[in-house]
Amino acid sequence: MTTEPSTPEPTTTPETTDAPEQTVTVYGADWCGDCRRTKAQLDRLEVPYTYVDLVATPEAATDAHRISGRTNIPVVVYPDGSHQVEPSNLEVAAKLHLFGLA
């Protein structure tokens with residue numbers, strides 16, 4: 001019996017970085033300085049994320065509150081479902097490192 005060598009499937013490529021297991025979601029508003037800072041950090045690190053603008057979609061504030069139990073923003077939700085509220089750049093970087101995103 002002969003078998004052909006199998007080619008391993010790529011685990012992550014630029015085309016698949018938006019896979020759910022690597023998704024970061026940021027709930028925020030453009031008037032919020034901490035939200036702008038967190039978005040800028042994710043952009044600088046080229047981390048894929050979904051931004052939920054709470055001004056454009058105010059009903060999403062309910063989701064952010066349900067996740068965090070607080071009304072403060074930004075609420076940053078990580079691939080494992082954990083979250084941070086108003087995190088510092090160091091806190092975000094440490095969490096991203098755990099997922100191999102930074």
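The values are calculated or read from the model by the stated rules, or taken from the named source; none is laboratory data. Predicted, not measured: the structure shown is a model, and the values here were computed from it. Cβ: placed from backbone, ideal geometry, glycine included. Neighbour counts: every protein chain shown.
For the range 27-83, which residues satisfy the criterion of being among the hydrophobic types (A, V, I, L, M, F, W, C) and surrounded by fewer than 11 Cβ atoms within 10 Å (Cβ to Cβ)?
Within the range 27-83, 31, 56 qualify.
Specify the residue that is nearest to residue 39 (Cα to Cα); the eligible residues are those in the range 74-87 that are in a loop (DSSP other than H, G, I, E, B) and either out of contact with any helix residue (DSSP H, G or I) (no Cβ under 9 Å at 6 or more places or on another chain) or not polar (S, T, N, Q) (or both). Talk me through it step by step, then tell me what you get.
First, pick out the residues of the range 74-87 that are in a loop (DSSP other than H, G, I, E, B): 74, 78-82, 86-87.
With either out of contact with any helix residue (DSSP H, G or I) (no Cβ under 9 Å at 6 or more places or on another chain) or not polar (S, T, N, Q) (or both) added as a condition, the list becomes 74, 78-81, 86-87.
Working: 74: 9, 78: 14, 79: 16, 80: 19, 81: 18, 86: 12, 87: 12 Å.
In this case the residue turns out to be 74.
So which of 62, 38, 23, 50 ends up being among the β-branched types (Val, Ile, Thr) and free of Cβ contacts under 8 Å to residues at least 24 places away in the same chain? If you could, list the steps in order and put the result at the bottom.
Working: 38 fails: free of Cβ contacts under 8 Å to residues at least 24 places away in the same chain; 23 fails: free of Cβ contacts under 8 Å to residues at least 24 places away in the same chain; 50 fails: free of Cβ contacts under 8 Å to residues at least 24 places away in the same chain.
Every option except 62 fails the conditions.
With the condition kept exactly as written, say whether any residue in the range 90-102 is within 12 Å of the chain's Cα centre (by Cα), modelled with pLDDT under 95 and crowded, with 18+ Cβ neighbours inside 10 Å.
Among the residues of the range 90-102, at least one is within 12 Å of the chain's Cα centre (by Cα), modelled with pLDDT under 95 and crowded, with 18+ Cβ neighbours inside 10 Å, which makes the answer yes.
When residues of the range 26-35 are filtered for being free of Cβ contacts under 8 Å to residues at least 24 places away in the same chain and hydroxyl-bearing (Ser, Thr, Tyr), how many remain? Reasoning before the result, please.
Residues of the range 26-35 free of Cβ contacts under 8 Å to residues at least 24 places away in the same chain: 33.
So of that shortlist, the ones also hydroxyl-bearing (Ser, Thr, Tyr) come out as none.
Adding up the residues that qualify gives 0.
Could you list all residues from the range 88-102 that are of a type in the set (A, V, I, L, M) and assigned to a loop (DSSP other than H, G, I, E, B)? Quick ask: steps written out before the conclusion?
In the first step, residues of the range 88-102 are kept if they are of a type in the set (A, V, I, L, M); the result is 90, 92-94, 96, 98, 101-102.
Within the range 88-102, 101, 102 meet the criteria.
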